[in-house]
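Beneath this line is the structure, given in structure tokens, with notes to follow.
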Amino acid sequence: MRFKAQRLASSTAIGLALAILPGQLAAQDTGETLVLDDIVITAQEQVKQALGVSQITEEDLEKTPVVNDISEVVRKMPGVNLTGATASGQRGNQRQIDIRGMGPENTLILIDGKPVMSRNSIRMSRNGERDTRGDSNWVPAEMIERIEVLRGPAAARYGSGSSGGVVNIITKRPDTFSGQVGMHYNSPESRKEGDTVRSNFMLAGPAGENFTFRLFGNHNKTDADAPDINLVPVLDDDGNPVLDEEGNPTFRNLAGREGVVNKDLGALLTWHVAPGHEIDFEANFSRQGNIFAGDTMFGSVIEDVNGTNLIGTETNRMYRRTLALTHRGEYDFGDSLSYLQWENTRNTRFCEGTAGSVEGSITGCVDTDGDGEHDAPGYSTAKLDNVAAKTEWNMPMDLGTKRSRVTFGAEYRGEFMEDSVSIRGNLNNPDGTPNEELGEEFDIDPVGENRDPKVDQHTIGLYVESNIEWNDRLTLTPALRFDYNDNFGSAWSPSLNATYAFNDEWSMKLGVARAFKAPNLFQLNPNYVYTTMGNGCPYVDGERLSGPCYVLGNPDLEAETSVNKEIGVAYQGFSGIDASLTYFHNDYKNRIASGQIQYNPGAETNRLFRWDNQEKAVISGLEGNFSTPLGDRFAFNANFTKMIKSEDGDGQPLSLVPDHTINASLDWYATEALTLTLSATRYGEIEAATASNTTGGVYEDPENRPGYTLVNLGASWEITDTARLSAGVTNLFDKQILRTNTSDGANTFNEPGRAFYISLNKSF
């Protein structure tokens, strides 16, 4: 059945342009003469990039539909890539949005302006990795009106976690009675890669005299890769196969991409209280479960646990619920936006090892035969509640003789976690008895089961920003934000952005800002005890310290800070050309990492380490874009990112991002109803770390990932005013790349091969 479906999708995708093009090109058929309708490519369709800001429209998502997660499209914006949380390479196929090389943990995800923080419920390993797909897949692509990507100093206003940038997913809000249904199917050519099937609906419109409503639902399933997709031969130094005792070639098997099943349901009721005043009552529920592909933290495939085969089963699931109350107001003196949101996440997964070589691997946690041993997988749950409240007031006013628009805001974030899973590590003596002395010294119970599973933190922020029209050419945007956190104290985030128009075509922007990120609850929690069990102890004078070593949470951590600077120039003018070039430089201080400072000097067993604020890091690079119409029927768009430097105090990369990335697309507006798009992305070499950020050990011959190019071809056909069909081929030349490394190189993730897709959306 799968083969037949694959052939159907393939023939449909390839034949779409050939089959429908002749009929659609003929807007007027007069005998043997073919007359094409005039098509105007507006400036709005071209200008989607500005200095530090990108916008992805609904039309963009229709032209190139996402397979599963909108991160696939966001990654094609200037300054953006997908990476794991650190440069360790662990969990390589769990990739998230990374803006300007600052890492996913410094990218703030918003849905309709409200923070999304569900990934924070997932345990952070000593290397800083989480087994998470991130927070960009809680809204189906068909429900999105646009996505705004904010980079650099302008993002500092949004508080903790926005040092790299902000991704704001804005959903559709129809105000007339309407409905929408959508279906998407993606079929890889390789039978070892998983299919995707997505379907969703939306119904919206008036509900009485003063109310409007919106209801949507979504089901999205991507199958897991085959467990042997990365089965590669083991080679010696001369490139010859390594043979086993019987003379057969030996193979190394690393896990591919796990599958995922999303189920989403959301309801919105808007009360039009009075002219200029609206109140939203919103409730959303999502369930996101995986389809296990055998992955572990160190990449090797595990198919079963104590005789239970787990391949293709669900080994973890995330439940996310939100309730929100939002008010929008318009007044004689300006406008306001205020909201209160409760976000609840239940992170439920099969018990995993939390220490040493079994860390991140599914282990038994159920005693099925009563012998006192955990011999079967069982579920455990961590709960995270996030409460976010914000009020923002915008008021036009004159500052002296200068016209301006001033914004005042206040924000609260409360994080409350109950996690009895990650704190169960014991502080033991070599003979296995509880180490009461260490426990007393650091005020924790040496027995994990006796510790308080609850931890929380609270942050209150106040900010003011003003857009000042200094003259006809110069606009200044000074801002100041103050945050107080009950753990680390205060954080000041001043910023200044300036835009100067040399003339109607050329302009320049300069910006500088101080941004911060609060420590997460795992790093802060003194009850979170990580045991290396001999693996991961630091190196001293080139020798690994004997274990076990312990790593504790540290309630005395300071916030991470960065000073972000950028200077850019933009051009809009001749023949509709829109172009920009920006240089950015970030000085990163107090970066939080698992430390290498021993807190019980002289101890040769049970050495104790903590999460610490470490040395500075530096990130710099270039990003730019270029777009122009080519005649009446073609449009060319391109952008690039060049990383000049991304390294910590020891010269190690902060995340596994390409040396450069180039995205380009050519749109052919064949008719008013049909658009064909040819696009390509060039990824430069990804440099591997040469040493572990946590242990200080040196890797032997770490493997870089060579550069590669992916080409896509797609078509979007507006069948009628209410029906649209999209189809195409991704990775047209089948440049499939398989991972060959886990945590000692950069070749740690799969790049899927050629695939065929088709999408149909109908509105009424």
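The values are calculated or read from the model by the stated rules, or taken from the named source; none is laboratory data. Everything numeric in this text was worked out from a predicted model, so none of it was measured. All Cβ positions, glycine included, derive from the backbone under ideal geometry; neighbour counts span all protein chains shown.
Overview of results
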| read-out | value |
| --- | --- |
| Residues satisfying the stated conditions in the range 694-720, i.e. surrounded by 20 or more Cβ atoms within 10 Å (Cβ to Cβ), outside any loop (DSSP other than H, G, I, E, B) and modelled with pLDDT under 95 | Arg705 |
| Matching residues in the range 256-274 - criterion: being closer than 23 Å to Phe298 by Cα and touching a strand residue (DSSP E or B) at 6+ places or on another chain (Cβ under 7 Å) | Gly256, Glu258, Gly259, Val260 |
| In the range 563-589, the residues that are among the polar types (S, T, N, Q) and under 23 Å from the mean Cα position of the chain (by Cα) | Asn564, Thr582, Asn586 |
| Output for the range 240-256, where each listed residue is under 20 Å from Ile737 (Cα atoms) and either aliphatic (A, V, I, L, M) or exposed (fewer than 12 other Cβ atoms within 10 Å of the Cβ) (or both) | Leu254, Ala255 |
| Options Leu738, Leu760; residue that is in contact with a strand residue (DSSP E or B) (Cβ under 7 Å, 6 or more places away or on another chain), among the hydrophobic types (A, V, I, L, M, F, W, C) and at pLDDT below 95 | Leu738 |
| Residue count, the range 101-118 (criterion: among the charged types (D, E, K, R) and modelled with pLDDT of 95 or more) | 2 |
| Looking only at the range 188-230, and only at residues there that are small (Gly, Ala, Ser) and assigned to a loop (DSSP other than H, G, I, E, B), the one that is modelled with the lowest pLDDT | Gly208 |
| Identity of the residue in the range 614-649, of a type in the set (D, E, K, R) and touching a Gly at 6+ places or on another chain (Cβ under 8 Å), that ends up farthest from Arg91 (Cα to Cα) | Glu623 |
| Count of the range 574-595 residues which are small (Gly, Ala, Ser), on the phi < 0 side of the Ramachandran plot and in contact (Cβ under 8 Å) with a residue 60 or more places away in the chain | 3 |
| Failed criterion for Ile423 (all others in (1) surrounded by fewer than 15 Cβ atoms within 10 Å (Cβ to Cβ); (2) outside any strand (DSSP E or B); (3) of a type outside the set (D, E, K, R) hold) | (1) |
| Any hit, the range 587-601, residues being touching a strand residue (DSSP E or B) at 6+ places or on another chain (Cβ under 9 Å), surrounded by fewer than 22 Cβ atoms within 10 Å (Cβ to Cβ), modelled with pLDDT of 90 or more and in a strand (DSSP E or B) | yes |
| Looking only at the range 633-684, and only at residues there that are part of a strand (DSSP E or B) and small (Gly, Ala, Ser), the one that is nearest to Glu105 (Cα to Cα) | Ser646 |
| Near pairs, Cβ below 6 angstrom, 6+ apart or cross-chain, from the range 721-737 (surrounded by fewer than 17 Cβ atoms within 10 Å (Cβ to Cβ)) to any residue that is of a type in the set (Lys, Arg) | Ala723/Lys762; Asp734/Arg754 |
| Criterion violated by Leu552 - all others in (1) over 30 Å from Pro434 (Cα atoms); (2) buried (at least 20 other Cβ atoms within 10 Å of the Cβ); (3) not β-branched (Val, Ile, Thr) satisfied | (1) |
| Filtered residue count, the range 426-455, keeping only those that are within 30 Å of Tyr339 (Cβ to Cβ) and crowded, with 20+ Cβ neighbours inside 10 Å | 1 |
| Scan of the range 69-103 for residues that are more than 30 Å from Val358 (Cα to Cα), touching a Lys or Arg at 6+ places or on another chain (Cβ under 9 Å), assigned to a loop (DSSP other than H, G, I, E, B) and touching a residue at least 40 places away in the same chain (Cβ under 8 Å), ordered by number | Met77, Pro78, Gly79, Arg100 |
| Meets criteria (surrounded by 18 or more Cβ atoms within 10 Å (Cβ to Cβ) and either in a strand (DSSP E or B) or not acidic (Asp, Glu) (or both)) for Ser380 | no |
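Condition check ((1) surrounded by 15 or more Cβ atoms within 10 Å (Cβ to Cβ); (2) free of Cβ contacts under 8 Å to residues at least 40 places away in the same chain; (3) under 24 Å from Ile311 (Cβ atoms)) across all residues:
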| residue | (1), (2), (3) |
| --- | --- |
| Pro188 | yes, no, yes |
| Leu203 | yes, yes, no |
| Gly217 | yes, no, no |
| Asp238 | no, yes, no |
